[in-house]
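Written out below as structure tokens is the structure these notes cover.
The values are calculated or read from the model by the stated rules, or taken from the named source; none is laboratory data. In this text, all values refer to a predicted model and were calculated from it rather than measured experimentally. No Cβ is skipped: glycine too gets one built from the backbone with ideal geometry, and neighbour counts run over all protein chains shown. With ligands, DNA and RNA removed, areas are computed over all heavy atoms of the protein, side chains included. Shrake-Rupley method; radii C 1.70, N 1.55, O 1.52, S 1.80 Å.
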Amino acid sequence: MIIKNAMVYTPQHVFAKGDIVIRGGRIVFGAAPQLDEEIIDAEGLYALPGLLDLHFHGAVGHDFCDASEEAIQALADFEASKGVLAICPATMTYSEEILGGIMDAAAAHKNGRGADLVGINMEGPFISPDKIGAQNPKYLHKADVDMFRRLQERAGGLIKLVDMAPEEDGALDFIARCRGEVRISIAHTCTSYETAKKAFAAGASHMTHLYNAMPGITHREPGPIIAALEDHAEVELITDGVHIHPAMVRFTFNTFGADRVVLIADSMMACGLPDGQYSLGGQAVTVKGPRATLTEHPGVIAGSATCLYDCMRRAVLDMDVPLVDAVRAASENPARSIGVDGDYGSLTPGRYGNVILADRELNIQKVIQKGRVIAG
């Protein structure tokens, strides 16, 4: 396939008019057209890299924690249709027995169709009971290296992120012992600035849904957000218009830098479906518009109902984030974060030919996966 005349998002993080040549599923340097080669004229369209969501739970009535091939395939199909061509879905706070079944299902998935399953984000159970959010407190567990390693073995090495509260018993030891095995993220935490600094020194390098389920910034208690800034951690942002005020989104890009922000959807099973009653982590959730909340605790946000592409689009159109920065934060940065940037996240020769063609209002016109049109 040759995509011609597009405004291509380049590895230099700018747009330049040009062509993209895809052979054998991967991007190659420019070459003469072949007789049987498909040519797409993308005049007037942006060519964006396929996105990677490293933190979402579900969509279209399915949840990753359903622990079934049916659920994983449904998520892969939906996400691919929205330009998210690599996925690293998140677990919830569950027992090792339940988590083990989820790991087994993920390890058995073959990536035959839809978005490629490239990792697992283990969100819980090593988190704080006082910042539980929409997680289930019944299954909280102290940080346990052996438990993680057993689950990683069942997952076939797919666990790419472990989220934890560093102030909880055993957490700092876990970070020091596992830093070379998995990326560790501070999450659902009451940690102080000082303890967060110890966590980063021990090997943590990521922040789960920044601002949500953690202490804020004050002038006498700077908290984990300032520790993350000082220690050059990457930070996740949910730009669904519910979780974070647009001014704070702009502040984060301007302060942390576009190279350290990772856009995520944190979507639950209602994503792609109408308002109504759903569930997350075994708890009832009510969805109205873009807002998902625990039915019994309507003040608690329970993930989002927005996919990553629409979060990226909203960051640009509604929050005044520069397009080049939003694209980087939804493609290259998450791919680098979980170590799959040799295949995903940019329109660089050698990477998979995963391309989104979008108009100037960022409406998707075509989704191309490994040189084949799968949507549009």
Open item on the list: For a quick check of your reading of the model, give me the residue pairs whose first member lies in region 74-99 and is open to solvent by 30 Å² or more (accessible area, probe 1.4 Å), whose second is part of a loop (DSSP other than H, G, I, E, B) and not polar (S, T, N, Q), with beta-carbon atoms closer than 6 Å and at least 6 apart or on different chains.
Closed with: ASP77/GLY114; LYS82/CYS307
Open item on the list: Can you find a residue that is in contact with a Cys (Cβ under 8 Å, 6 or more places away or on another chain) and either touching a residue at least 12 places away in the same chain (Cβ under 8 Å) or surrounded by fewer than 22 Cβ atoms within 10 Å (Cβ to Cβ) (or both) anywhere in region 185-201?
Closed with: no
- [ ] Looking only at region 333-345, decide whether some residue is in contact with an Asp or Glu (Cβ under 9 Å, 6 or more places away or on another chain), assigned to a loop (DSSP other than H, G, I, E, B), open to solvent by less than 20 Å² (accessible area, probe 1.4 Å) and over 26 Å from GLY124 (Cα atoms).
- [x] yes
Task: Identity of the residue in region 144-163, in contact with a strand residue (DSSP E or B) (Cβ under 7 Å, 6 or more places away or on another chain) and farther than 16 Å from GLY180 by Cβ, that ends up surrounded by the fewest Cβ atoms within 10 Å (Cβ to Cβ) - done: LEU158
Task: Looking only at region 131-142, and only at residues there that are of a type outside the set (S, T, N, Q) and either in a strand (DSSP E or B) or out of contact with any helix residue (DSSP H, G or I) (no Cβ under 9 Å at 6 or more places or on another chain) (or both), the one that is surrounded by the most Cβ atoms within 10 Å (Cβ to Cβ) - done: ALA134
Task: Count of residues meeting criterion [without any contact (Cβ under 8 Å) to a residue 40 or more places away in the chain, of a type in the set (A, V, I, L, M) and open to solvent by 20 Å² or more (accessible area, probe 1.4 Å)] in region 208-237 - done: 3
TODO: Tell me which of these SER128 doesn't satisfy, since it passes every other one: (1) under 27 Å from LEU308 (Cα atoms); (2) open to solvent by 10 Å² or more (accessible area, probe 1.4 Å); (3) not basic (Lys, Arg).
DONE: (2)
TODO: With respect to ASP41, determine if the residue is open to solvent by 50 Å² or more (accessible area, probe 1.4 Å) and closer than 30 Å to ALA258 by Cα.
DONE: no
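So that you can scan it fast, the table gives a plain yes or no per residue for (1) touching a strand residue (DSSP E or B) at 6+ places or on another chain (Cβ under 6 Å); (2) under 17 Å from CYS307 (Cα atoms); (3) modelled with pLDDT of 95 or more:
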position	(1), (2), (3)
ALA42	yes, no, yes
GLY58	no, yes, yes
ALA67	no, no, yes
GLU70	no, no, yes
GLN73	no, yes, yes
VAL84	yes, yes, yes
Task: Single condition MET92 does not satisfy, out of (1) assigned to a helix (DSSP H, G or I); (2) closer than 25 Å to GLU153 by Cα - done: (1)
- [ ] For region 355-372, name all the residues that are open to solvent by 10 Å² or more (accessible area, probe 1.4 Å) and either under 14 Å from ILE20 (Cβ atoms) or not in a strand (DSSP E or B) (or both).
- [x] ASP359, ARG360, GLU361, ASN363, LYS366, GLN369, LYS370, GLY371, ARG372
